[in-house]
Amino acid sequence: MNNPDIIPNTIAFVKQQLKDAEGGHDWFHILRVYNNTMLIARSEKADMLVVQLGALLHDIADSKFHNGDESVGPKMARTFLENENADRETIDHVVKIIENISFKGSYGKLAFRSRELDIVQDADRLDAIGAIGIARAFNYGGFKNRELHNPDIPPQQYKTKAAYKNNKAPTINHFYEKLLLLKDRMNTETGRKIAEERHRFMEDFLEQFYGEWEGTR
Ligand code: ADP
Ligand code: NI
């Protein structure tokens, strides 16, 4: 039997963990992913506690901010859930979700898949596209002191980060290396439908962006 306070306790823990996080990765990102998760899970058969905890804990220690160490987040989540006396099965599943949710992880061979991972991964991907996705990308680029765009290197030809000075690709490239690919990687029907609208919004944004850049709009 899981602790009845586990969700409010997890929310308090995550808020505390992320209090100094960068704007695209803060508590409000978690809250949006949590809300997306609940929306998608309504039309899917899933273990609700697992998807809720997965959404809340999926970014507690992003490897980008822990010297690339991908084991910090899953370990931290396991310790937290053990202290909350969560069921062994719930803990193992939530930790696997955190380990396998990232875009990078989903490229290579997959160690783990479940309906619950599918749902939380879609919810996280939805927050990377559309208007919010655009805002997050430029926020991250600003945080990393990146150029917005560099017309000397056409983004459509972007292949390797080495093409750029200091390996710092302008933020607009992130659309081609990741954001525009996400709609075809959605796992659930509900996620796919929402992704399509957000994808169109990004395409419109890019058209407008280049038009303004060239002074034709
Ligand atoms: P997640 O929330 O799934 O952990 P990431 O950690 O990959 O997502 O990235 C967090 C946010 O920062 C996302 O909105 C993502 O698009 C953005 N981001 C990541 N890498 C870059 C980049 N190189 N340029 C611009 N934005 C980026
Ligand atoms: Ni996330």
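The values are calculated or read from the model by the stated rules, or taken from the named source; none is laboratory data. Fair warning: this is a prediction, and the values are worked out from it, not measured in the lab. Glycine also receives a Cβ, built like all others from the backbone with ideal geometry; neighbour counts cover every protein chain displayed. Note: areas computed on protein heavy atoms with side chains; ligands, DNA, RNA excluded. Shrake-Rupley method; radii C 1.70, N 1.55, O 1.52, S 1.80 Å.
Looking only at the stretch 31-65, which residues are within 16 Å of L81 (Cβ to Cβ) and of a type in the set (V, I, T)?
V50, V51, I60
Just checking: which of the helices (runs of 4 or more DSSP H) contained wholly in the stretch 1-88 hold 2 or more residues that are touching a Phe, Trp or Tyr at 6+ places or on another chain (Cβ under 7 Å), open to solvent by less than 30 Å² (accessible area, probe 1.4 Å) and within 12 Å of ligand 2 (Cβ to nearest atom)?
Qualifying helices (runs of 4 or more DSSP H): 48-57.
Modelled with pLDDT under 95, in a helix (DSSP H, G or I) and either more than 15 Å from ligand 2 (Cβ to nearest atom) or of a type in the set (F, W, Y) (or both) - does that describe any residue in the stretch 105-112?
The answer is yes; a qualifying residue exists.
Being in a helix (DSSP H, G or I), closer than 18 Å to G24 by Cα and of a type in the set (K, R) is the filter here; which residues of the stretch 171-217 pass it?
The answer is R198, and nothing else.
Go through (1) within 16 Å of ligand 1 (Cβ to nearest atom); (2) at pLDDT 95 or above; (3) in contact with a His (Cβ under 6 Å, 6 or more places away or on another chain) for V50 and report which single condition fails.
It is condition (1) that V50 fails.
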